[in-house]
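The values are calculated or read from the model by the stated rules, or taken from the named source; none is laboratory data. Nothing here was measured: the structure is a model prediction, and the numbers come from that model. Here the Cβ positions follow ideal geometry from the backbone for every residue, glycine too, while neighbour counts run over all protein chains shown. Note: areas computed on protein heavy atoms with side chains; ligands, DNA, RNA excluded. Shrake-Rupley method; radii C 1.70, N 1.55, O 1.52, S 1.80 Å.
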Amino acid sequence: MAENRTGDVEAAVREHILLPAQEMAKLGKATQPVLTHAEGIYVFAEGGRRLIDGPAGMWCAQVGYGRKEIVDAIAHQAMVLPYASPWYMATSPAAKLARKIASLTPGDLNRIFFTTGGSTAVDSALRFSEFFNNVLGRPQKKRIIVRYDGYHGSTALTAACTGRTGNWPNFDIHQDRISFLSSPNLRHAGNRSAEQFLDDLVKEFEDQIEALGADTIAAFLAEPILASGGVIIPPKGYHARFKAICERHDILYISDEVVTGFGRCGEWFASEKVFGIVPDIITFAKGVTSGYVPLGGLAISEKVLARISGENAKGSWFTNGYTYSNQPVACAAALANIELMERDGIVDHAREMADYFAAALASLTDLPGVAETRAVGLVGCVQCMLDPTRPDGNDDDKAFTRKIDERCFELGLIVRPLGDLCVISPPLIITRAQIDDMIAIMRQAISEVGAAHGLQMKE
Ligand code: PMP
């Protein structure tokens, strides 16, 4: 029975679904593993096979699966009031959630705008920066500065901000007002020290502002760590120096915390507590509901808003919204999720697990085929390279890594395949013993695939 169902699901996917990353040559041919249910940090595939959810879905399943508190909150809200127009009506879940999130964000980022996910959160933040400068009477101050390797979503505007160049071909995403800076990837530092590398990145930003003119630049949009671009952790001090430059030139600093927010880095938000800055806007999604239902949003600084509201409003209306802004069921799910995280101390737990997780990943560096590991909080990666002296991102390493991912899957661990990286960002409830289980599977998979490639154990 179960097999028949699985076969039927696979067939329907092959025949009718266009995937978010679809190799067109394989349209209608390739299948995806079918999941049937999930519990805690585990998801279950056909025949009841249990897999550790290494990437927590898409870095989102913070509290894990099967949490009755969230399910009950969703069911209750769907029964009493599933929808209300955000244009005309207020509801308790959205109001309470906005107040709650304002209490968790740094500084004066106390005004919340809710969206349908991460892309619409970033899109709205960028549209806000447009609106802000138009109301201020600076229509020429519109450019957006982003980085190579950054990822911010799949709307037309956020896709134009993606610095993952592999996503560019065959989409007409380029916009003149968007400018790119180098990726803050320390692996590109060559023989420069981290300090020199940072100085060069800062100089590049300053030079770009000078060349374009600060009076043409609205916003700097940056993830605290570049997640989908390769778990890239900028050099120490990067965020503070870029923030100071933004302040000097009246450029809005938009911190895209769609991945890093809601405990992923061991704090509710990473910008302030992990990286030492209070941005002007923070975008969030994913972990806000632990993925149970879609929701995203942005938190905006009161100081910033004061410049274009009240007597400074000049008759303007902020007209950017969604049918599902303030969606009551989604907001109820988020409230239950946050309550659960607070009750069980899940963010503290994630912070306490961080060193153990980083050390566990680092223990894999004795294996041939492992170039390095990186981690912040409970997001990390293993960079797999057949020959670490070759440049990053070559096709042989990608194929090697894909085999490791496949072997992990056979052994009971989902790993997010990302070029030559195995990305691990588990549910935040993961225990030490479960981290050990993940690492044991990775060790076996990397060893076996390495041996099949003829790699010798390191000295
Ligand atoms: N920003 C970042 C940093 C992301 O990683 C993502 C998605 N992975 C997005 C924005 C877009 O979010 P969504 O897929 O929910 O639209």
Worksheet item: Limited to region 210-227, what total is found for residues that are surrounded by fewer than 21 Cβ atoms within 10 Å (Cβ to Cβ) and on the phi < 0 side of the Ramachandran plot?
Response: 6
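What residue, among those in region 145-171 that are more than 14 Å from the ligand (Cβ to nearest atom) and either of a type in the set (A, V, I, L, M, F, W, C) or modelled with pLDDT of 95 or more (or both), is nearest to Y253 (Cα to Cα)? If you could, list the steps in order and put the result at the bottom.
Residues of region 145-171 that are more than 14 Å from the ligand (Cβ to nearest atom), as a first pass: 145, 148, 165-166, 168-171.
Cutting the leftovers down to either of a type in the set (A, V, I, L, M, F, W, C) or modelled with pLDDT of 95 or more (or both) gives us 145, 148, 168, 171.
Numbers: I145: 10, Y148: 17, W168: 25, F171: 27 Å.
Among those that are more than 14 Å from the ligand (Cβ to nearest atom) and either of a type in the set (A, V, I, L, M, F, W, C) or modelled with pLDDT of 95 or more (or both), it is I145.
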Item to complete: Would you be able to say whether some residue in region 407-416 is outside any helix (DSSP H, G or I), of a type in the set (D, E, K, R) and under 28 Å from M457 (Cα atoms)?
Response: yes
Worksheet item: Which strands (runs of 3 or more DSSP E) does region 1-106 wholly contain that include 1 or more residues that are of a type in the set (D, E), surrounded by 11 or more Cβ atoms within 10 Å (Cβ to Cβ) and within 23 Å of the chain's Cα centre (by Cα)?
Response: 35-39, 49-53
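Quick check on S301: is it away from the ligand (no atom under 16 Å from the Cβ), within 22 Å of the chain's Cα centre (by Cα) and open to solvent by less than 30 Å² (accessible area, probe 1.4 Å)?
Details: away from the ligand (no atom under 16 Å from the Cβ): yes; within 22 Å of the chain's Cα centre (by Cα): yes; open to solvent by less than 30 Å² (accessible area, probe 1.4 Å): yes.
Against the criterion (away from the ligand (no atom under 16 Å from the Cβ), within 22 Å of the chain's Cα centre (by Cα) and open to solvent by less than 30 Å² (accessible area, probe 1.4 Å)), S301 qualifies.
Just give me the residues in region 270-303 being closer than 13 Å to I112 by Cβ and in a loop (DSSP other than H, G, I, E, B), in sequence order.
Here is the first cut: in region 270-303, the ones closer than 13 Å to I112 by Cβ are 281-285, 288, 295-302.
Passing the criteria: A285, L295.
Matching residues to (1) open to solvent by less than 10 Å² (accessible area, probe 1.4 Å); (2) in contact (Cβ under 8 Å) with a residue 60 or more places away in the chain; (3) within 24 Å of the chain's Cα centre (by Cα):
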| site | (1), (2), (3) |
| --- | --- |
| D355 | no, no, yes |
| L364 | yes, yes, no |
| L378 | yes, yes, yes |
| C384 | yes, yes, yes |
| D395 | no, no, no |
| K403 | no, no, no |
| R416 | no, yes, yes |
| E448 | no, no, no |
| A452 | no, no, no |
Practice prompt. Select from region 136-172 the residues that are open to solvent by less than 20 Å² (accessible area, probe 1.4 Å) and more than 26 Å from V304 (Cα to Cα) and list them in ascending order.
Written response: G163
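Among the residues of region 118-132, write down those that are surrounded by fewer than 24 Cβ atoms within 10 Å (Cβ to Cβ) and within 16 Å of the ligand (Cβ to nearest atom).
Within region 118-132, the first condition is being surrounded by fewer than 24 Cβ atoms within 10 Å (Cβ to Cβ), and the residues that meet it are 119, 127, 130-132.
Result: S119, R127.
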